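All remarks here apply to the structure that follows.
The values are calculated or read from the model by the stated rules, or taken from the named source; none is laboratory data. In this text, all values refer to a predicted model and were calculated from it rather than measured experimentally. Note that each Cβ is placed from the backbone with ideal geometry, even for glycine, and that neighbours are counted across all protein chains shown.
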Ligand code: ARJ
């Protein structure tokens, strides 16, 4: 068995069953395994990965291994690792360093371990692994052909690094594939964030003022699902076009200063720090619940919350009650970490099927073309999006129409008017 560090290896049988469950709902991934298991495009490659250890990620890891890669892995968030999955992966021979409830020190220790196999490819969610390579182990860069990045926050930072000429190898922005951001970020985040809120609180959503900070793709998904459950959805935004879209979708737009006074449930989806701060905690209603689904835990200023609260206690798993100086009790979920992964199981397998198909194909592209790519951030071709969407649709049992040759000609014809 490879080296590993997990919480409890005896959880492996339960984890294995969950991975089988995910596999049965990830037909695109299973078709990629079938397609590449003989040609072995990743043979001779060592992949270091830093991405939430969930049943869906396990399917991605198994696919990368089936295509020939050697793998070492850590989680990309101290609270998102599912310990049974980590155990099952270790028992299945993966080098994995991940457990739920890591300290910051544990977190970086785990990344350090994954880099000991001198990777040729990196795979990130949030860019912590790439940053560690650049800042702490620059000598590893000479062996690294390229990397992939899963999420908006990571892509943002990597683009800014590339702009400053600081990126030392090519990176593919998996997040920017249409079959990722337009599905995972919207419907994945929408469902899994509500799932996290419900597991942590079991409150009724109908009739509540549900405040969504940020109306990007993730915010749109949260708003959509909260509305479907009967909430009055309030959006806070900084970008005029995003706020305008929210109003035409039927939501109310307010500043956070106003929303803080009326909200029953708050969720931050902005990727920005200090979205909910001291002045907001001070005006929140009795019983207000707040959480975050953005990548980092800086959106809710917990330091300020702790500094003003008279006391706190954990009242349910992933739910902390803070008593304010005015006597009101307000509730923070999952310590301000991604509520969908810390309090629930992350996005459903069906949608991760497409995100991870993009991850897999991006890794294969780097293995085959990476040496001729530049040290910048690349998008995924639209052709790959269409292929993934087609396989997904087909496995769901849907069929498409086809344009006739006359229609194709019509489309590009500039000689005809009315
Ligand atoms: C692994 C997940 C899952 C899940 O793709 C999503 C993204 O961009 C993230 C930001 O950190 C989280 C990631 N994600 C959501 N659900 N990764 N397994 N089940």
Report summary line: Of 286, 314, the only residue that is on the phi < 0 side of the Ramachandran plot and not in a loop (DSSP other than H, G, I, E, B) is 314
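Which of the helices (runs of 4 or more DSSP H) found entirely inside the stretch 343-418 contain at least 1 residues meeting this: out of contact with any helix residue (DSSP H, G or I) (no Cβ under 6 Å at 6 or more places or on another chain) and under 14 Å from residue 32 (Cα atoms)?
349-369, 382-395
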Query raised in the report: Is one or more of the residues making up the stretch 257-279 out of contact with any strand residue (DSSP E or B) (no Cβ under 9 Å at 6 or more places or on another chain) and farther than 28 Å from residue 186 by Cα?
Result: yes
Query raised in the report: Limited to the stretch 114-128, what total is found for residues that are buried (at least 16 other Cβ atoms within 10 Å of the Cβ) and either at positive phi or not in a loop (DSSP other than H, G, I, E, B) (or both)?
Result: 10
Requested in this report: Could you check, for the stretch 330-338, whether at least one of its residues is crowded, with 19+ Cβ neighbours inside 10 Å and within 11 Å of the ligand (Cβ to nearest atom)?
Outcome: yes
**Report entry** Selection count where residues are surrounded by fewer than 17 Cβ atoms within 10 Å (Cβ to Cβ) and under 23 Å from residue 361 (Cβ atoms), scope the stretch 129-149
**Finding:** 1
Query - Selected residue (criterion: surrounded by the fewest Cβ atoms within 10 Å (Cβ to Cβ)) from residues of the stretch 245-299 that are under 19 Å from the mean Cα position of the chain (by Cα) and free of Cβ contacts under 8 Å to residues at least 40 places away in the same chain - result: 273
Report task. Please find, within the stretch 1-24, the residue that is modelled with the lowest pLDDT out of those that are within 27 Å of residue 48 (Cβ to Cβ) and assigned to a loop (DSSP other than H, G, I, E, B). Result -> 1
Query - Selected residue (only one of 334, 362 is more than 30 Å from residue 161 (Cα to Cα) and modelled with pLDDT of 95 or more) - result: 334
Query raised in the report: Looking at residue 304, is it surrounded by fewer than 21 Cβ atoms within 10 Å (Cβ to Cβ), more than 19 Å from the chain's Cα centre (by Cα) and in a helix (DSSP H, G or I)?
Result: yes
Report summary line: The residue that is surrounded by the most Cβ atoms within 10 Å (Cβ to Cβ), considering only those in the stretch 201-221 that are under 11 Å from residue 294 (Cβ atoms) and touching a strand residue (DSSP E or B) at 6+ places or on another chain (Cβ under 8 Å), is 219
